[in-house]
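First up is the structure itself, then whatever we jot down about it.
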Amino acid sequence: MTARILDGQAVADRIRAQIAQDAAAFKTKTGYAPGLGAVLAGDNPASAQYVRMKRKACEQVGITSVAHLMNANSTQQEVEAVVKALNDDPAIHGILVQLPLPPQINEERVLRLVSLEKDVDGFHPINIGLLGMKGREPLFTPATPTGCMVLLQEAGAQVNGANAVVLGRSNIVGLPVALMLIKANATVTVVHSKTKDIPRVVADADIVIAAIGQPRFVKGSWLKPGAVVIDVGTNRIDDPTAEKGYRYVGDVEFETAVDVAGVITRVPGGVGPMTIAMLLQNTMKAAQRRAAFG
Ligand code: NAP
């Protein structure tokens, strides 16, 4: 069997085109554009690049963005003051705190301070708590896990009643995606660094979400034939044949997995583009919510 390759870029482009239409209609109706406020503290080049990409994506769909670029020595008080100012700014509908924050900053205290209505990253402990509770719904869900769920839908996966294995239990990907799968009635197993015999666990999975940051870790021979495989991993590996001397690979060994899976995503071009599309979608939703409730 050769898997159908799910093109995350194409799905994300379609969603972004819809958001651009929604943002234009919103501006016509209200007289102002949806607004995103980004907070970046420190000099991590990857974080700076992510914030640039997110702001560019905002611009492309008609969402206004402002960035607060703070140095690596910023204090807790300074970062919190910026978040409070964004909470109070009526032109800002969504707040993005780029993680990780510098080590002297208490991340949880900062995330807890973001107004629930502006929590477009979905990382506020109340939104995460609501995600985990039966019969409750968070205002926003985190971008990368939401992107995985949309890709499962695009794959035509039957999530209800499926055995799903999530590799990774981080606050930003593994844990929230596991909670979303439970809400969608999958039977979920979460694999982490202490899990024994991972190939045996994966063998039972109709759905595999790989988010461990280990290049090409999941082998095709582990997979149940026909499984839907969503590869979140984004790992930089040396490659002298590549122009830059490196390239990105996922947590799944694509070349062997593609022969066994039913549907599979690629790295790059799978989950990555969905993450930004979901952030834009959450920001649009926050603006619409604000306009509806005043
Ligand atoms: P993280 O915070 O480092 O968490 C890694 C998780 O994987 C942990 O739960 C860890 O277990 C588990 N793990 C690590 N090595 C393992 C092993 N050998 N066997 C089993 N479990 C193992 O990573 P993250 O932030 O969730 O990111 C995961 C990957 O997704 C990375 O490659 C990252 O670049 C990528 N990512 C992509 C996007 C995107 O938009 N495409 C967004 C976010 C992240 P313990 O809990 O036991 O330590």
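Here, each number is a calculation from the coordinates, and none is a lab measurement. Please read these numbers as outputs of a predicted model, since none were measured by experiment. Using ideal geometry, Cβ is built from the backbone for each residue, glycine included, and neighbour counts are taken over all protein chains shown.
Tell me, what HN-Hα J-couplings in whole Hz come from the Karplus equation 6.51 cos²θ - 1.76 cosθ + 1.60 at θ = phi - 60° for each residue of the stretch 259-267, using x for Gly and Pro?
7, 10, 5, x, 9, 8, 9, 9, 10
Using alpha-carbon positions, what is the distance between the centroids of the stretch 65-95 and the stretch 234-254, in Å?
35 Å
Using amide H atoms built 1.01 Å from N in the peptide plane, name the residues 5+ places from Leu167, or on other chains, whose amide H lies under 5 Å from its own.
Placed amide hydrogens put Val191, Ile209, Ala210, Ala211 under 5 Å from Leu167.
Given an 8 Å cut-off on Cα distances and at least 6 residues of separation, report the relative contact order of the chain as a percent. Let's see the in-between values first.
Numbers: 621 pairs, mean separation 64.7, N = 294.
Relative contact order, the chain: 22 percent.
How would you classify the stretch 203-294 from its alpha-carbon gyration tensor, with a ≥ b ≥ c the square roots of the eigenvalues: rounded for a/c under 1.5, else prolate if a/b is greater than b/c, otherwise oblate? Please list the in-between numbers first.
Values: a/c = 3.47, a/b = 1.58, b/c = 2.19.
Here the stretch 203-294 falls in the oblate category.
Answer rounded, prolate or oblate for the stretch 31-116, using the Cα gyration tensor with square roots of eigenvalues a ≥ b ≥ c: rounded when a/c is under 1.5, else prolate when a/b is larger than b/c, else oblate. Kindly include the intermediate steps, with their values, before the conclusion.
Numbers: a/c = 2.41, a/b = 1.34, b/c = 1.81.
Since a/c reaches 1.5 but b/c is at least a/b, the shape of the stretch 31-116 is classed as oblate.
Please list 75-85, 56-66 highest first by mean number of surrounding beta-carbon atoms within 10 Å per residue.
Highest to lowest by the protection proxy: 56-66, 75-85.
Classify the stretch 143-272: rounded, prolate or oblate, from the alpha-carbon gyration tensor (a ≥ b ≥ c, eigenvalue square roots; a/c under 1.5 rounded; otherwise prolate if a/b is larger than b/c)? Could you put the intermediate results ahead of the total?
Working: a/c = 1.58, a/b = 1.50, b/c = 1.05.
Taking the square roots of the gyration eigenvalues as a ≥ b ≥ c, the stretch 143-272 is prolate.
Count the lysine pairs in the chain whose Cα atoms sit under 19 Å apart, keeping only pairs 8 or more residues apart in sequence or on different chains.
13
Taking only C-alpha pairs under 8 Å that are 6+ residues apart, what is the relative contact order of the stretch 31-116 in percent?
Numbers: 122 pairs, mean separation 35.4, N = 86.
41 percent.
Given H placed 1.01 Å from N in the peptide plane, which residues other than close sequence neighbours of Ala261 have an amide H under 5 Å from its amide H?
Ala3, Gly226
Determine, from the Cβ-Cβ distance of Ala48 and Arg200 and an R0 of 51 Å, the FRET efficiency 1/(1 + (r/R0)^6), rounded to the nearest 0.05.
0.80
Specify the residue with the greatest mean-square fluctuation among Asp43, Asp119, Asp251, computed from a Gaussian network of the chain linking alpha-carbon atoms under 10 Å apart.
Asp43
How long is the gain from Asn106 to Leu69 if the chain were fully straight, where each residue apart is worth 0.36 nm and the alpha carbon distance is subtracted?
Values: separation 37, 0.36 × 37 = 13.32 nm, distance 1.76 nm.
Stretched fully, the Asn106-Leu69 segment lengthens by 11.6 nm.
Mind listing the long-range amide H neighbours of Val97? Cut-off is under 5 Å, sequence gap 5 or more, other chains count too, H placed in the peptide plane at 1.01 Å from N.
Val39
By DSSP, what percent of the beta bridges with both residues in the stretch 173-260 are antiparallel, rounded to the nearest 5? Each step should come with its number before you reach the end.
Details: 4 of 9 bridges.
Taking every DSSP beta bridge with both residues in the stretch 173-260, the antiparallel ones total about 45 percent.
I'd like the orientation of helix 174-183 relative to the chain: the angle between its Cα long axis and the longest Cα principal axis, in ° from 0 to 90, rounded to 10.
With both axes taken from Cα atoms, the answer is about 80 degrees.
Which listed residue (Ala184, Met70, Gly220) has the Cα farthest towards the positive end of the charge dipole for the chain, taking +1 on Lys and Arg C-beta and -1 on Asp and Glu C-beta about the Cα centre?
Going by the charge dipole, the pick is Ala184.
What number, rounded to the nearest 500 deg cm²/dmol, is the helix-based mean residue ellipticity at 222 nm of the chain, given -39500 (n - 2.57) per DSSP H run of at least four residues and division by all its residues? Walk me through the numbers before you get to the answer.
Numbers: 10 runs with 124 residues, N = 294.
Helices in the chain give a 222 nm mean residue ellipticity of -13000 deg cm²/dmol.
Quote to one decimal, in nm, the extra length available between Met133 and Tyr32 on full extension: 0.36 nm per residue of separation minus the C-alpha distance between them.
Working: separation 101, 0.36 × 101 = 36.36 nm, distance 3.53 nm.
Extra length available between Met133 and Tyr32 comes to 32.8 nm.
How large, in Å, is the chain by the Kirkwood hydrodynamic radius built from its alpha-carbon pairs? Let's see the in-between values first.
On the way: mean 1/r = 0.0505 Å⁻¹.
Evaluated on the chain, it is 19.8 Å.
Relative contact order, percent, of the stretch 188-280 when contacts are C-alpha pairs under 8 Å separated by at least 6 residues? Mind dumping the intermediate values first?
Numbers: 181 pairs, mean separation 25.9, N = 93.
Over the stretch 188-280, the number comes to 28 percent.
Within 10 Å of each candidate Cβ there may be at most 15 other Cβ atoms; applying that plus a DSSP loop requirement, which GluC sites (Glu not before Pro) in the stretch 166-263 survive? Intermediate values should be presented prior to the final figure.
Numbers: sites: Glu243, Glu253, Glu255; in loops: Glu243, Glu253.
Sparse-neighbourhood loop GluC sites (Glu not before Pro): Glu243.
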